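What follows is one structure encoded as structure tokens, with my remarks underneath.
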Amino acid sequence: MSDKDTHERLLALLDSHDARYRVIEHEPEGRSEEVSRIRGNDPAQAMKALVLSVSGRGKGKRTIMAVIPGSQRLDMKALLSHVGAQKGRFAQPKEVADLTGCVMGAIPPFSFRKNLILVVDESFKAWNEVTFNAGRLDRSLMLCFADYEKIVEPEFGRFAISEN
């Protein structure tokens with residue numbers, strides 16, 4: 001699956017659910033703070049998707065997509081506790097590409113695979129709209145959060161902490 005395929009698949013999914021969104025074309029950028037500046041959104045409403053490999057607590061090895069605000073960083077301890085794991089590491093770029101069809105920085109907060117468990121930081125519930133790179137470094141989406149929640153039915157938790 002290529003970046004273009006992921007982008008097209010994402011738009012088709014949103015359209016099939018009559019989701020309220022708009023596509024934002026911009027210069028290629030994958031860093032949360034920079035792309036938020038380019039898009040003109042609050043970094044806290046930017047959905048940063050991180051792919052991790054976790055294991056332990058009798059549940060074996062699993063792959064997780066943790067979605068946190070672009071203005072924050074992952075609290076690994078809190079995430080491991082939330083998913084019932086002992087150890088975790090960030091996935092390697094090739095693993096990320098194989099699981100998501102995207103390069104790092106372009107991953108939308110959607111899992112198109114059963115073996116990629118999606119968990120979303122509950123802080124996004126405060127926003128009417130969220131934004132994220134849409135499978136490509138040069139395309140973002142601004143999406144109504146209620147539509148995201150309806151389509152994805154995410155598992156929520158609290159596993160993001162301030163950068164400071």
Checking Arg73 against (1) under 19 Å from Phe124 (Cα atoms); (2) without any contact (Cβ under 8 Å) to a residue 60 or more places away in the chain; (3) among the basic types (Lys, Arg), only one condition comes out false. Which one? (2)
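Taking into account only those residues within the stretch 23-50 that are among the aliphatic types (A, V, I, L, M) and under 21 Å from Leu11 (Cα atoms), which is nearest to the chain's Cα centre (by Cα)?
Only one residue fits best here, namely Ala49.
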What single numbered condition from (1) touching a strand residue (DSSP E or B) at 6+ places or on another chain (Cβ under 6 Å); (2) under 22 Å from Tyr148 (Cβ atoms); (3) not in a loop (DSSP other than H, G, I, E, B); (4) not aliphatic (A, V, I, L, M) fails to hold for Asn41? (3)
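I'm trying to understand the selection: among the residues of the stretch 97-108, which are surrounded by fewer than 23 Cβ atoms within 10 Å (Cβ to Cβ) and either farther than 18 Å from Arg9 by Cα or in contact with a Ser or Thr (Cβ under 7 Å, 6 or more places away or on another chain) (or both)? Can you show your working first?
To start, the set of residues in the stretch 97-108 that are surrounded by fewer than 23 Cβ atoms within 10 Å (Cβ to Cβ) comprises 97-99, 101, 103-105.
Within the stretch 97-108, Leu99, Gly101 qualify.
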Is it the case, given these coordinates, that Ser111 is under 25 Å from Asp18 (Cβ atoms), of a type in the set (S, T, N, Q), surrounded by 16 or more Cβ atoms within 10 Å (Cβ to Cβ) and in contact with a strand residue (DSSP E or B) (Cβ under 8 Å, 6 or more places away or on another chain)? yes
Filter result (touching a residue at least 60 places away in the same chain (Cβ under 8 Å), surrounded by fewer than 17 Cβ atoms within 10 Å (Cβ to Cβ) and assigned to a helix (DSSP H, G or I)) within the stretch 127-164: Lys150, Ile151
Within the stretch 111-136, track down each residue that is at pLDDT 95 or above and either in contact with a His (Cβ under 9 Å, 6 or more places away or on another chain) or of a type in the set (D, E, K, R) (or both). Val119, Asp121, Glu122, Lys125, Glu129
Which one of these is within 13 Å of Thr131 (Cβ to Cβ), out of contact with any helix residue (DSSP H, G or I) (no Cβ under 9 Å at 6 or more places or on another chain) and either basic (Lys, Arg) or modelled with pLDDT of 95 or more (or both): Arg22, Arg31? Arg22
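The values are calculated or read from the model by the stated rules, or taken from the named source; none is laboratory data. Just so it is clear, the model here is predicted, and its values are computed rather than measured. As a convention, Cβ positions derive from the backbone with ideal geometry for all residues, glycine included, and neighbour counts pool all protein chains shown.
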